[in-house]
Amino acid sequence: VQLVESGGGLVQAGGSLRLSCAASTSSYSMGWFRQAPGKERECVAAISWSGTSTRYADSVAGRFTISRLNAKNILYLQMNSLKPEDTAVYYCAAAVFRAIVEPSTSPDDYDYWGQGTQVTTSS
């Protein structure tokens, strides 16, 4: 199973980016995590298998939107009003082996991870 992220880059504060994650197979819950230097990996958003249920970290709620296109096994993260503190490597993750149908924010629930894409927000 492969997960390939794209869409990261350098953006000024207040700008927007859209991350994409192309998966080689279908999956249950999917999520976006991020890790900044010297910090632990955190879940910023997760989405259920059906796409009808989502969860967000308090720090991104109202600014980020997670979505998925199951017909093409693609996961998205629309990021608006970006802040310097959003700077991190962003990873997508997929639950494949266990039927975790609701959005999970626990990294232990995910079986596969992408290689990460850098997002840098300048002030």
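The values are calculated or read from the model by the stated rules, or taken from the named source; none is laboratory data. Predicted, not measured: the structure shown is a model, and the values here were computed from it. We place every Cβ from the backbone using ideal geometry, glycine too, and count neighbours over all the protein chains shown. What goes into the accessible areas is simple: the full protein's heavy atoms, side chains included, and nothing from ligands, DNA or RNA. Shrake-Rupley method; radii C 1.70, N 1.55, O 1.52, S 1.80 Å.
Kindly provide the set of residues from the range 87-123 that are modelled with pLDDT of 95 or more, within 18 Å of residue 24 (Cβ to Cβ) and not aliphatic (A, V, I, L, M), ordered by number.
Answer for the range 87-123, where residues must be modelled with pLDDT of 95 or more, within 18 Å of residue 24 (Cβ to Cβ) and not aliphatic (A, V, I, L, M): 91, 92, 110, 111, 112, 113, 114, 115, 116, 117.
Report every pair of residues separated by at least 6 positions or lying on different chains whose Cβ atoms are under 7 Å apart, first residue within the range 46-58 and within 18 Å of residue 99 (Cα to Cα), second open to solvent by 70 Å² or more (accessible area, probe 1.4 Å).
Pairs that qualify, where the first residue is within 18 Å of residue 99 (Cα to Cα) and the partner is open to solvent by 70 Å² or more (accessible area, probe 1.4 Å), are 46/55; 48/102; 49/28; 53/102.
Is it the case that the range 1-13 has a residue that's among the polar types (S, T, N, Q), surrounded by 14 or more Cβ atoms within 10 Å (Cβ to Cβ) and touching a strand residue (DSSP E or B) at 6+ places or on another chain (Cβ under 6 Å)?
Within the range 1-13, not a single residue is among the polar types (S, T, N, Q), surrounded by 14 or more Cβ atoms within 10 Å (Cβ to Cβ) and touching a strand residue (DSSP E or B) at 6+ places or on another chain (Cβ under 6 Å).
Hey, among the residues in the range 81-112 that are aromatic (Phe, Trp, Tyr) and assigned to a strand (DSSP E or B), which one's least open to solvent (accessible area, probe 1.4 Å)?
90
Considering each of 115, 78 in turn, give the residue that is within 29 Å of residue 13 (Cα to Cα), open to solvent by 40 Å² or more (accessible area, probe 1.4 Å) and assigned to a strand (DSSP E or B).
Residue meeting the stated conditions: 78.
Within the range 64-75, restricting attention to residues that are surrounded by 17 or more Cβ atoms within 10 Å (Cβ to Cβ) and under 17 Å from residue 96 (Cβ atoms), which residue is nearest to the chain's Cα centre (by Cα)?
Looking at residues that are surrounded by 17 or more Cβ atoms within 10 Å (Cβ to Cβ) and under 17 Å from residue 96 (Cβ atoms), I get 75.
Among the residues of the range 55-63, is any part of a strand (DSSP E or B), modelled with pLDDT of 95 or more and open to solvent by less than 70 Å² (accessible area, probe 1.4 Å)?
For the range 55-63, residues part of a strand (DSSP E or B), modelled with pLDDT of 95 or more and open to solvent by less than 70 Å² (accessible area, probe 1.4 Å): absent.
State all residues of the range 24-54 that are hydrophobic (A, V, I, L, M, F, W, C) and either surrounded by fewer than 13 Cβ atoms within 10 Å (Cβ to Cβ) or under 21 Å from residue 115 (Cα atoms) (or both); if no residue qualifies, say none.
30, 32, 33, 36, 43, 44, 45, 46, 47, listed by residue number.
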